[in-house]
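Working notes, structure below.
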Amino acid sequence: DGGITQSPKYLFRKEGQNVTLSCEQNLNHDAMYWYRQDPGQGLRLIYYSQIVNDFQKGDIAEGYSVSREKKESFPLTVTSAQKNPTAFYLCASSITRGPLNTEAFFGQGTRLTVV
Amino acid sequence: AQSVTQLGSHVSVSEGALVLLRCNYSSSVPPYLFWYVQYPNQGLQLLLKYTTGATLVKGINGFEAEFKKSETSFHLTKPSAHMSDAAEYFCAVSVRGSSASKIIFGSGTRLSIRP
């Protein structure tokens, strides 16, 4: 089955620790995205990538880092510099049609809690 | 700057009544437009999309939306609400970023259905 896999589903982190969220897709999509979701704030874009070895900051990139070494994989690291990391994180991918990317396909999300 | 505005963070309708969820976008060029639905603790599912062509688009579960360029709107409607429609709904646009296309989301509208 084609799709996007995020792991783990639940993640607990101690303050001051870095943690990496996994995102893998087998849809052969070029573009991948990371969003953060907090109650009442919708989805806010953290980072996005159109091609391998290239990525751009979204609206709330501070305290996060990403890599895109393979087309299928786009891991997100939440660093200790992120002051309020507790949130629901969603990874997505999409194809490019014409000048823009078409609809995003989403994973099931990772809920990160700082303890 | 490109943005998406959803009017009303919470909409409540009676079962069988018309559903209308509002979305306005800001973009210098016509974007691609999407509506998504999210059930608790899950990822997002695409309801419908507009890229080019017919401005009235039909989606899953009886939903439809109309792209109105003059009003920069893409409102979501359903003639008759069902209890299973209770969920969070997000409007999104695909636009050009600094060097790649990105998808940005509105803050969401929670739809409640009264028996």
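Using only the Cα atoms, what convex hull volume per residue in Å³ does the protein assembly as shown have? Show your work: numbers first, answer last.
Values: hull volume 28.9 nm³, N = 230.
Normalising the Cα hull of the protein assembly as shown by residue number yields 126 Å³.
For chain B, with only Lys/Arg (+1) and Asp/Glu (-1) charged at the beta-carbon, what is the dipole magnitude about the Cα centre, in debye rounded to 20?
Working: 10 positive and 6 negative charges, 50 e Å.
It comes to approximately 240 debye.
What is the average number of partner chain Cβ atoms found within 10 Å of a Cβ in B:87-99?
Values: counts 0, 3, 0, 3, 1, 4, 1, 10, 3, 3, 6, 2, 3.
Neighbouring Cβ atoms belonging to other protein chains average 3 per residue here.
Which far-off residues, 5 or more places away or on another chain, put their amide H under 5 Å from the one on A:Val114, with H placed in the peptide plane?
A:Arg13, A:Thr86
Jot down the radius of gyration and Dmax of the stretch A:43-93, Cα atoms only, both in angstrom.
Rg then Dmax for the stretch A:43-93, in Å: 10.8, 30.
Going through the cross-link list B:Lys49/B:Lys78; A:Lys9/B:Lys102; B:Lys58/B:Lys78; A:Lys70/B:Lys102; A:Lys14/A:Lys83, which pairs have a Cα-Cα distance over 21 Å in this structure?
Working: B:Lys49/B:Lys78 15 Å; A:Lys9/B:Lys102 25 Å; B:Lys58/B:Lys78 10 Å; A:Lys70/B:Lys102 19 Å; A:Lys14/A:Lys83 12 Å.
Distance filter (> 21 Å) returns A:Lys9/B:Lys102.
Please state the charge dipole magnitude for chain A, taken about the Cα centre, from unit charges on C-beta atoms (+1 on K and R, -1 on D and E), reported in debye and rounded to the nearest 20.
On the way: 12 positive and 11 negative charges, 56 e Å.
Dipole about the Cα centre, nearest 20: 260 debye.
Work out the length of the dipole vector of the protein assembly as shown about its Cα centre, built from +1 on the beta-carbon of each Lys and Arg and -1 on the beta-carbon of each Asp and Glu, and round it to the nearest 20 debye. Each step should come with its number before you reach the end.
Working: 22 positive and 17 negative charges, 46 e Å.
Magnitude of the dipole: close to 220 debye.
Given the options A:His29, A:Pro99, A:Leu112, identify the residue whose Cα lies farthest towards the positive end of the charge dipole of the protein assembly as shown (+1 on Cβ of Lys, Arg; -1 on Cβ of Asp, Glu).
So the residue furthest toward the plus end is A:Leu112.
Cut-off 10 angstrom, C-alpha nodes, Gaussian network model of chain A. Which of A:Thr86, A:Thr77, A:Thr96 fluctuates the most?
Highest fluctuation among the options: A:Thr96.
Averaged over A:37-43, how many beta carbons belonging to a partner chain fall within 10 Å of each residue's beta carbon?
6
What is the average number of partner chain Cβ atoms found within 10 Å of a Cβ in B:37-45? Walk me through the intermediate numbers first.
Details: counts 0, 5, 0, 0, 5, 5, 14, 11, 2.
Taking the mean over all residues of the peptide, I get 5.
Starting from the Cα of A:Glu15, move 7 Å in the Cα-to-Cβ direction to define the label point; list residues of the stretch A:53-81 whose amide nitrogen is under 19 Å from there.
Within reach of a label on A:Glu15: A:63-64, A:78-81.
Using Cα centres only, tell me the gap between the stretch B:67-115 and the stretch A:82-115 in whole Å.
17 Å
Every number here is computed from the coordinates shown, using simple stated rules; none is lab data. Nothing here was measured: the structure is a model prediction, and the numbers come from that model. Using ideal geometry, Cβ is built from the backbone for each residue, glycine included, and neighbour counts are taken over all protein chains shown.
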